[in-house]
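Beneath this line is the structure, given in structure tokens, with notes to follow.
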Amino acid sequence: MQKQRRDVVLHKNIIQIREESLAGQVGRQWELEFPTATITVRELIAGRVREEVRAYNEKAGKLFVGLVAPSDAERTLSGYRMKKYRWVNAEKQVEIAIRAFGSNGFFLLLGDRQLEELDEVIIIEGDTIVSFIKLTPIVGG
């Protein structure tokens, strides 16, 4: 008896992240991968912030590029300059970002639809693009 071969195509659950200004100008863009094809807005925000903190802590530099600025950082054109390197707590930054979303510190667009609730579900498809639009600088821990 001959075994039948089945080809399995694994799809990555990748969201295109964009930072945009209120005027619609697109700034930084990158991809963020998730373990499942459905996530909540809360998971999206947390995933983004954790990845930014991981990247900063790993390179141990003075420039933090992220949604939430560490508390002792100075804003620059390309991110937030730290006075000196220090380890940043990702979970504290996530909490601050979640609160900022709830108080309209930034908003999210999925295509042309605004995401308004933390528990709102996002279905990740091949061309999922989410724009983060900051209204005010968000300072964290």
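The values are calculated or read from the model by the stated rules, or taken from the named source; none is laboratory data. Since the model is a prediction, treat every value here as computed from it, not as a measurement. With ideal geometry, Cβ positions are generated from the backbone for all residues, glycine too; neighbour counts draw on all protein chains shown. Just the protein is used for accessible areas: all its heavy atoms, side chains included, with ligands, DNA and RNA removed. Shrake-Rupley method; radii C 1.70, N 1.55, O 1.52, S 1.80 Å.
Observations on the structure shown:
- In a residue-by-residue description of region 121-132, the property of being aromatic (F, W, Y), under 18 Å from I14 (Cα atoms) and in contact with an Asp or Glu (Cβ under 7 Å, 6 or more places away or on another chain) applies to at least one position.
- L67 being under 19 Å from A55 (Cβ atoms) and modelled with pLDDT under 90: no
- Pairs where the first residue, in region 118-131, is within 10 Å of L108 (Cβ to Cβ) and the second is assigned to a loop (DSSP other than H, G, I, E, B) and β-branched (V, I, T), C-beta under 9 Å, 6+ apart: I122/T128
- Scanning region 82-93 for residues that are open to solvent by 70 Å² or more (accessible area, probe 1.4 Å) and either under 23 Å from L115 (Cα atoms) or touching a Leu at 6+ places or on another chain (Cβ under 6 Å) (or both) gives E91, K92.
- Residues of region 48-63 include at least one that is out of contact with any Pro (no Cβ under 8 Å at 6 or more places or on another chain), outside any helix (DSSP H, G or I) and modelled with pLDDT of 90 or more.
- Among the candidates L44, L77, residue that is closer than 17 Å to K134 by Cα, aliphatic (A, V, I, L, M) and open to solvent by less than 90 Å² (accessible area, probe 1.4 Å): L44
- Condition check for I138: under 23 Å from P35 (Cα atoms) and either touching a Cys at 6+ places or on another chain (Cβ under 7 Å) or of a type in the set (V, I, T) (or both): no
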